1. Can you work out ³J(HN,Hα) from phi for every residue in segment 109-118, in order, using Karplus 6.51 cos²θ - 1.76 cosθ + 1.60 and θ = phi - 60°, giving whole Hz and x for Gly and Pro?
2. For ASP140, ASP108, which order do you get if you count the other beta carbons within 10 Å of each Cβ and list the fewest first?
3. For the chain, what is the mean residue ellipticity at 222 nm derived from helices alone (per DSSP H run of n ≥ 4: -39500 (n - 2.57); sum divided by total residues; nearest 500 deg cm²/dmol)?
4. For the chain, take the alpha-carbon Rg, divide it by the Kirkwood Rh, and send me Rg/Rh.
5. Using only Cα atoms, tell me the angle between helix 62-80 and the longest principal axis of the chain; keep it within 0 to 90° and round to the nearest 10.
6. Using θ = phi - 60° and the Karplus form 6.51 cos²θ - 1.76 cosθ + 1.60, what ³J(HN,Hα) does each residue of segment 19-35 get, whole Hz, x for Gly and Pro?
7. Within the set LYS44/LYS89; LYS9/LYS137; LYS84/LYS137; LYS89/LYS137; LYS89/LYS110, which residue pairs have Cα atoms separated by over 26 Å?
8. How about segment 44-116: which trypsin sites (Lys or Arg not before Pro) there are in a DSSP loop, with at most 16 other Cβ atoms within 10 Å of their Cβ?
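A short reminder: the numbers here are calculations on the coordinates, not readings from a lab. Keep in mind it's a predicted model, so treat the numbers as computed, not measured. As a convention, Cβ positions derive from the backbone with ideal geometry for all residues, glycine included, and neighbour counts pool all protein chains shown.
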Amino acid sequence: MGNNNTLNKEQIRNLLPHREPMLLIDELVNIVPHKSAVGIINVKKDSFFFQGHFPDQAVMPGVIIVEAFGQAAAALTAYSLDPKEVEDKLVYLMSVDRARFRKPIMPDCKLLLEIEAIRSRGRVWRYKGIARVNGSKMADAEWAATIIDRNQ
């Protein structure tokens, strides 16, 4: 999979079930398996969610930021585990806690999602993340996800 601590969009596509336009993560870098990674999204004016949010002043919706946190964490988890352990499995978001949206994220920018796995118990993982643009904290959250069998 690419070099040891970076995944490109195609490699992420191989780990996640998401497809365009909902595959948000362009790259995953600084990967420390089972611990942390940084997801990168190139936020562009033509992204699907800006068409109606808001036409006169595009702002990335908070739910899309939370989804991006989840995708980056799912890619980190899938990358970290034995491929046989995640084959025919999906990572599902279970809860979102302490989500804060501090500044609006507008196009065209590079959004960095700093993801940290806080703990795992069985198939349940807890994470926290910070979203940054040009070093400024834009949003942060904690969330939990689980790994389940596909078609369950």
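1. Along segment 109-118, the couplings run 8, 9, 9, 9, 10, 8, 10, 9, 7, 7 Hz.
2. So the residues, fewest neighbours to most, are ASP108, ASP140.
3. So the helix-based figure for the chain works out to -6000 deg cm²/dmol.
4. A ratio of 0.95.
5. For 62-80 against the chain, the angle is about 30 degrees.
6. Each residue of segment 19-35 in turn: 9, 4, x, 7, 7, 8, 7, 8, 7, 10, 10, 6, 6, 10, x, 6, 10 Hz.
7. LYS44/LYS89; LYS84/LYS137; LYS89/LYS137; LYS89/LYS110
8. LYS44, LYS45, ARG102
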